[in-house]
Amino acid sequence: MSARIFRWRAIGPLLVFLLIGGVLWWLLADRIARRSAEKIGTAIVGAKVEIQSLHIDLANGDVTIRGLTVASPHEALKNLFQADELVADIDVVPLLEKKVVIDRLAANGLRFGTPRETDGRVPADPSASVSGRVMNEARDWAQQFQVPALQLATGKIDVGTLDPRKLSAIPAAEALSARADSSRKAWQTGLDSLHLGPTVDSATATLARLKTARATDLAALNEARRAIEQLKQARNRVTMLERGVNGGLTALRAGVAGLDSAKQRDYAFARGLLKLPTLDAPEIGLALFAPSAVAQFQRALYWTQLAKAHMPPGLQPRADDGPPRRRRSGSTVRFPRERALPGFLLRTAELSFLLDPTAPQPKRYAGRLTGLTSDPAVYGRPTLFDASAPAVTAGAMLDHVHATARDTAGATIQGVKLSPMHLPSLPMTLDPGQGTTQLGFALRGDTIRARWAIRSTHVQWSRDSAAQGSTGADLLWRTLSGITDLQVDAGVTGTLSQPRLVVRSNLDDAIAARLRTMLGEEAAVAERKLRAEVDRQVDPAIAPVRARVTTLQTDVTKRLADQRARLDQAQKDLEARLRELTRIRLP
Amino acid sequence: MLTLVKLLQSLVKALHSEGTPGQLAAGIALGSILGLTPLVSLHNAVIFALIVMLNVSFAGALLGWAVFIPVGFLLDPLFDHIGHQLLMHMPALTPLWTAMYNMPVVPLTNFNNTVTLGSLVFSAVFFLPFFFLFRWGVTRYRATIGERVRQSKWYRAVTASKLYNVYRLFKPE
């Protein structure tokens, strides 16, 4: 008897099993969804996402989240935002395609920058999470900026150590000394090779014979003429040698002048060792506010790059990390297709939020977010955000539809309490109080253009206790504590790999003038000290060379002159005797 | 410990059930899919339904599942590689994956996960070899040492437990 294929009596238990599954879903779906949402949100943001309660109403396509807290990935004890309630109107059918399409999201009671009791950041592991990788990239980007130091706390000028190996005059002097020695040897050889002694001796002997010769002694006369010719040739050789010597001496004298130039360069090098605080106003702006400005730009870059990572442009299949589980996660590959639904789409979000929530009367505003999607190329439209109110204007556009992503964001908030800024280089703390802050950020492909500005008319200053005794800080404190207006403008342009940062503030000129007064005399004393040190190390090397060149010049010139004089005298004597003999012969 | 005892019970009861070697081997082969692939996947609901509905050995399926869970963990790197090759490095298959990805229900199977797809393909390829291998093994077991084991005291102890009654509900007819 053959066995039957189907086990019909198992239908009952299977139905019971399905029923149990349904009951478990009914009991646990909200909890599972809440935990999943927290886990996914934390992975996306790079900081803890906490949800008090989450309720799924599939029949009506509603998901309600209450008590949402998203920690800041940049600040330990601060939340990015909190929301009292989020109600999402979900399209149910796309869930069958494992796609989440939210037609409308209403977010009420959004509060930004609220404090929290525990550190909400998650470790930024670049190999384990996208947010960790992006965080590291943004941090590396921010570290490119060289912020000049403003050494005011002690008012001291640091004099660096002068290393003799780095002075250029000493090796130049050694080289010139070697050249002088070789020139001396060469010229001595040249003089020896002229053989002037035998020529002059021969001329002297001829002259002696000529004194006893008659006017008709043609042989003696011819011998005298030959001697004169030899003397002329010898003098030509002396002239040629003299030209070479003069050229060599000119080069040596130039070398001596070069030693002076090298010494001037050494002075400049030594001045560079003076760690002088910068006295230029733009540099002071950088030193004071660059850390705050760069932190703002770094955050903006983090969010835009994170958005690019989760909302990549293009329609190519792309792999992300698979779901966390006991077994290997693997990679989950998405296959977006034109005119299909994206994996995630938030069509419209109406946002109601509070600004300055700790104030007695926090201000309530409204914003709108449209087209937030995981597949911008599929959706075909950029993500837009705008919020406006009498004192607030904010807008953003994430355009990842095309191959080159274009992200722009801008916000101006007036009458908001600005965070105090610690200025470690002064050292003081600046509390701008209520003021206006602006942030503009544009990233097109690799090209960045960003601006951050703050304005306040109620600045308050406080000193760090560690700097109470410093004279420089006292002077600066007297200068700055009277300033109540603050205007800071910072900008970044260029590419992500080669950004240029400019920071200006109304404090720059005031601080620069005070610095010049405070440090001018001290800088001059330190510079004199360094020049003396350069002289002490360089002069012992230069002086002997300079003397050697002078001696060589004198010696060679004198020897050449002597030789020329001997030749001239011998020729003159011979020619005089010849003239005397030939004069007797003539009638 | 309880899991180990249950596994032992499954093994013993499966090998000595009234089912044919084919029913037992089919159960083990289906159970191997549950063990080799990540459990929480839609295709495993289908496999479970097949195990319940088809006249195969339920104990064999439990046995196959239990035995192949560690194998699945061990072979995960291989599954990941297979899935990666299929999903990312075979352009000819991309239209198929794209169509499936944008189809209702199919994405719920997590087929686009490299480990899930790799393990499912592996399980499917080895389903028939496993079936024939286990059928041969059960036949050989019953022909050689099966009767001696059935007469042993510990076999009677195992089959006398309450779990045996639950098992009888799903024994092959």
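The values are calculated or read from the model by the stated rules, or taken from the named source; none is laboratory data. The shown structure was predicted, so the numbers you read here are calculated from the model rather than taken from an experiment. Please note: Cβ atoms are built from the backbone with ideal geometry, for glycine as well, and neighbour counts cover all protein chains shown.
Structure notes:
- Scan of segment A:322-342 for residues that are in contact (Cβ under 8 Å) with a residue 60 or more places away in the chain and either under 22 Å from A:Gly445 (Cβ atoms) or more than 9 Å from chain B (Cβ to nearest Cβ) (or both), ordered by number: A:Pro324, A:Pro342
- Residues within segment B:76-100 that are in contact with a helix residue (DSSP H, G or I) (Cβ under 7 Å, 6 or more places away or on another chain), more than 19 Å from A:Arg326 (Cα to Cα) and not aromatic (Phe, Trp, Tyr), tallied: 6
- Flag for A:Pro73 being outside any strand (DSSP E or B), within 14 Å of chain B (Cβ to nearest Cβ), touching a residue at least 40 places away in the same chain (Cβ under 8 Å) and not aromatic (Phe, Trp, Tyr): no
- Selection within segment B:42-67 - of a type outside the set (Val, Ile, Thr), in a helix (DSSP H, G or I), at the interface with chain A (Cβ under 10 Å from one of its Cβ atoms) and farther than 18 Å from B:Asn113 by Cα: B:Phe48, B:Ala49, B:Met53, B:Phe58
- Apart from one condition, A:Gln305 fits all of (1) within 24 Å of A:Gln82 (Cβ to Cβ); (2) surrounded by 19 or more Cβ atoms within 10 Å (Cβ to Cβ); the exception is (1).
- Filtered residues of segment A:100-128 (kept if in contact with a Phe, Trp or Tyr (Cβ under 9 Å, 6 or more places away or on another chain) and among the hydroxyl-bearing types (Ser, Thr, Tyr)): A:Thr114
- Among the candidates B:Glu173, B:Glu147, residue that is over 30 Å from A:Leu95 (Cα atoms), modelled with pLDDT under 90 and more than 13 Å from every other protein chain (Cβ to nearest Cβ): B:Glu147
- Subset of segment B:26-41 (residues that are aliphatic (A, V, I, L, M) and facing another protein chain (nearest Cβ under 10 Å)): B:Leu39, B:Val40
- Among the residues of this structure, A:Gly314 does not count as one that is in contact with a helix residue (DSSP H, G or I) (Cβ under 9 Å, 6 or more places away or on another chain) and crowded, with 18+ Cβ neighbours inside 10 Å.
- Meets criteria (farther than 30 Å from A:Pro420 by Cβ and at the interface with chain B (Cβ under 9 Å from one of its Cβ atoms)) for A:Thr348: no
- Subset tally (residues that are modelled with pLDDT of 85 or more and in a strand (DSSP E or B)) for segment A:320-360: 12
- Subset tally (residues that are among the hydroxyl-bearing types (Ser, Thr, Tyr) and either closer than 19 Å to B:Asn102 by Cβ or out of contact with any Ser or Thr (no Cβ under 9 Å at 6 or more places or on another chain) (or both)) for segment A:370-405: 5
- Unmet criterion (only one of (1) in contact with a helix residue (DSSP H, G or I) (Cβ under 7 Å, 6 or more places away or on another chain); (2) within 21 Å of B:Phe131 (Cβ to Cβ); (3) more than 7 Å from chain A (Cβ to nearest Cβ)) for B:Pro70: (1)
- Pairs linking a residue in segment A:479-490 that is farther than 17 Å from A:Leu418 by Cα to a residue that is at pLDDT below 85, with Cβ atoms under 6 Å and 6 or more positions apart or on different chains, are A:Thr479/A:Ala510; A:Thr479/A:Arg514.
- Qualifying residue in segment A:360-368 (condition: away from chain B (no Cβ under 14 Å) and within 19 Å of A:Val130 (Cβ to Cβ)): no
- The listed residues are A:Leu496, A:Leu475, A:Leu507, and the only one of them that is closer than 24 Å to A:Thr457 by Cβ and either of a type outside the set (Lys, Arg) or modelled with pLDDT of 70 or more (or both) turns out to be A:Leu507.
- Sub-8 Å Cβ pairs linking a first residue in segment B:95-118 that is more than 19 Å from B:Val40 (Cα to Cα) and at the interface with chain A (Cβ under 8 Å from one of its Cβ atoms) to a second residue that is β-branched (Val, Ile, Thr) and not in a helix (DSSP H, G or I), at least 6 apart or interchain, are B:Trp97/A:Val333, ordered by first then second residue.
- Here the condition is being within 14 Å of another protein chain (Cβ to nearest Cβ) and closer than 29 Å to B:Thr98 by Cα; of A:Leu18, A:Leu95, it holds for A:Leu95 alone.
- Of all residues making up segment A:182-196, the number that are within 30 Å of A:Phe269 (Cβ to Cβ) and touching a residue at least 12 places away in the same chain (Cβ under 8 Å): 1
- Residues within segment B:84-94 that are surrounded by 18 or more Cβ atoms within 10 Å (Cβ to Cβ) and at the interface with chain A (Cβ under 8 Å from one of its Cβ atoms), tallied: 2
- Which numbered condition A:Ala409 misses (of (1) surrounded by fewer than 19 Cβ atoms within 10 Å (Cβ to Cβ); (2) under 30 Å from A:Arg116 (Cα atoms)): (1)
- Count of segment A:200-239 residues, restricted to those that are within 14 Å of A:Ala570 (Cβ to Cβ) and of a type in the set (Gly, Ala, Ser), is 7.
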